[in-house]
Amino acid sequence: MSLFKRFIEETNTITANETIQESPGVIKSQEFWDIEANLHNYLLEELKKYPGQNKQEENEKLEELAEDFFEQEGTRLTFEEKKDLLHYVKDELLAYGPITPLLENPLVSEVMVNSYNEVYYEKNGKVFRSNVHFIDNQHVMRVIERIVSPIGRRVDESSPMVDARLPDGSRVNAIIPPLALKGPSLTIRKFSETPFTIQDLINFNTLNEKMAEFLEICVKSRLNIFISGGTGSGKTSTLNVLSSFIPNDDRIVTIEDAAELKLNQEHIVALESRPPNIEGKGQITIRDLVRNALRMRPDRIVVGEVRGEEALDMLQALNTGHDGGLSTGHANSPRDILSRLETMVLMAGYELPVKAIREQIANALDLIVHQSRMKDGTRKITHITEVLGLEGDTIVLQDLFVFKETGINDGRIKGEYISTGIRPRFTEQLEINGYQLPSSWFVGEW
């Protein structure tokens, strides 16, 4: 039985009463399956005669070749059968096989392949199991190879983990045996083709208008801002929105493991790390890129995510005249991100006193924006916290805005964004840059 025959017969609907269309109707004509196998092989060979085509050109060529093929060998197929057949062949040859409809659906924000027959997706913050699945482990591996090869990444037994991205910027992580015991695993976090704006975050109730305007002023006034939060809390989306506030005439250097940021400014240099080659050489880390960025005359340095020893170089950069930096990191609270930064600095291998590290952190950071994914799947900025400095051996923090949860109604988190009633200590710096903070923003108590 051919790959497509088995796939279509075993895949039709979706669980959890969802309306996402995963596949067209099942067709069981034996002639259909015989022609399917021939069509797949025919198109695969014919496409090799037209190298260098973009996706649109390949798509048009496939339809043209398929039409020729059907005239000769598909005379007994109906129009719908031809359409469904071509749909699956195109997904396999040009896209990502069975999960293509999920990736193309705007309602789906994440696709998770645990094994070849176990696929989940996230919609509106909730995770559902899908009825789509692959044929076998090799089928999953072919899709992974199709994703990582165009950007110069590789995945094999000697390098069984890889971070990559789709052409639209969606984040991809793949891990294969022997590390993944159930077979190759693939996680794709989708990003909107049109980047979110601050108004989108307000509409999503991720923050309110006062907080949005306050953060815009802070970015334009060149404060160093760190976005913290857990996995899937929306840190990268918020980083992208805050980066959009950077003036168009600033020279921006972005540094990422896998390029995800989509900035609209003109003067941008985008840098991406590189894994080692098959001989274990040639690796370029985030730390290498941060150090190199300092020689590139940046007005702003934006680091997609700080995970390790590059934290030391980033803090040094922010402490040596490179104001207005933006970055993200994993943490459970604004206080926790300080502890994580300390640990990451120590990973650089230097035996620095803890107080010296804390001084670096306190002097480098002005503001911490903490974002959380709530129990109902919504994402909210729960804290906007000012870093006041070092008192003794402790970094002093001061909450400016917080989300106060009041309860749950119909499964949805209820609450409000409130000011703590405290004006930030850097108010004078904002005023020097021509921005006035209305007193009404800081009326409240915590």
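All of the numbers you see were taken from the coordinates with simple rules; none came from a lab. Note that the structure is a prediction, hence the values are computed from the model and not measured. Every residue, glycine among them, receives a Cβ derived from its backbone with ideal geometry; neighbour counts consider all protein chains shown.
For the range 55-69, 3J(HN,Hα) computed residue by residue from phi via the Karplus equation (6.51, -1.76, 1.60; θ = phi - 60°) reads 5, 5, 5, 5, 4, 5, 5, 4, 5, 5, 5, 5, 4, 4, 5 Hz, glycine and proline entered as x. Sequentially through the range 104-112, phi angles give Karplus couplings (6.51, -1.76, 1.60; θ = phi - 60°) of 7, 7, x, 6, 8, 9, 8, 10, 10 Hz, Gly and Pro residues having no value and appearing as x. Charges were assigned to the Cβ only: +1 to each Lys and Arg, -1 to each Asp and Glu. The resulting dipole of the range 106-157 about its Cα centre is roughly 200 debye.
If you plug the beta carbon distance of S158 and Q436 into 1/(1 + (r/R0)^6) with R0 = 51 Å, you get a FRET efficiency near 0.30. Working from label points 7 Å from Cα in the Cα-to-Cβ sense, the I408 to M347 distance is 3.3 nm. Scoring 430-440, 256-266 by mean Cβ neighbours within 10 Å over their residues and listing the highest first yields 256-266, 430-440. Computed on the chain, with alpha-carbon pairs under 8 angstrom and 6+ residues apart, the relative contact order is 10 percent. Annotation: the residues T100, T378, T328, T78, sorted from fewest to most other C-beta atoms within 10 Å of their own C-beta, follow the order T78, T378, T100, T328. As a rough guide to protection, the peptides 267-277, 362-372 ranked by mean Cβ packing within 10 Å, highest first, stand as 362-372, 267-277.
Pairing the Cα long axis of helix 354-364 with the longest principal axis of the chain, what angle in degrees results, from 0 to 90 and rounded to the nearest 10? Roughly 80 degrees, rounded to the nearest 10.
Charging the Cβ of each Asp and Glu at -1 and of each Lys and Arg at +1, and nothing else, the dipole of the range 292-388 about its Cα centre rounds to 320 debye. For the range 215-225, putting each phi into the Karplus relation 6.51 cos²θ - 1.76 cosθ + 1.60 with θ = phi - 60° gives couplings of 5, 4, 5, 5, 5, 5, 8, 6, 7, 8, 10 Hz, in residue order, rounded to whole numbers and with x for Gly and Pro. Count Lys and Arg as plus one, Asp and Glu as minus one, and take only other residues whose Cβ is under 13 Å from that of Q199; the net charge is then -4. Ordering I268, G321, T231 by the projection of their Cα atoms onto the charge dipole of the range 198-442, which places +1 on the Cβ of Lys and Arg and -1 on the Cβ of Asp and Glu, puts T231 at the extreme positive end. If you plug the beta carbon distance of E209 and R297 into 1/(1 + (r/R0)^6) with R0 = 41 Å, you get a FRET efficiency near 0.70. Shape of the range 297-420 from its Cα gyration tensor (a ≥ b ≥ c, root eigenvalues): rounded if a/c is under 1.5, otherwise prolate when a/b > b/c, or oblate? It is prolate, given that a/c is not under 1.5 and a/b is the larger ratio. Across the options V387, A180, I35, the greatest Cα extent toward the positive end of the charge dipole of the chain (unit charges at beta carbon of Lys, Arg, Asp, Glu) belongs to V387.
Classify the range 98-191 from the C-alpha gyration tensor, please: rounded if a/c falls under 1.5, else prolate or oblate depending on whether a/b exceeds b/c. The shape class here is oblate.
In what order do L341, L43 fall by count of nearby beta-carbon atoms within 10 Å, going from fewest to most? Least crowded to most crowded, the residues run L43, L341. Quick check: from the Cα gyration tensor, does the range 198-442 come out rounded (a/c under 1.5), prolate or oblate? It is rounded, given that a/c, with a ≥ b ≥ c, falls under 1.5. Rounded to the nearest 20 debye, the dipole magnitude of the chain is 1140 debye, with +1 charges on Lys and Arg beta carbons, -1 on Asp and Glu beta carbons, and the Cα centre as origin.
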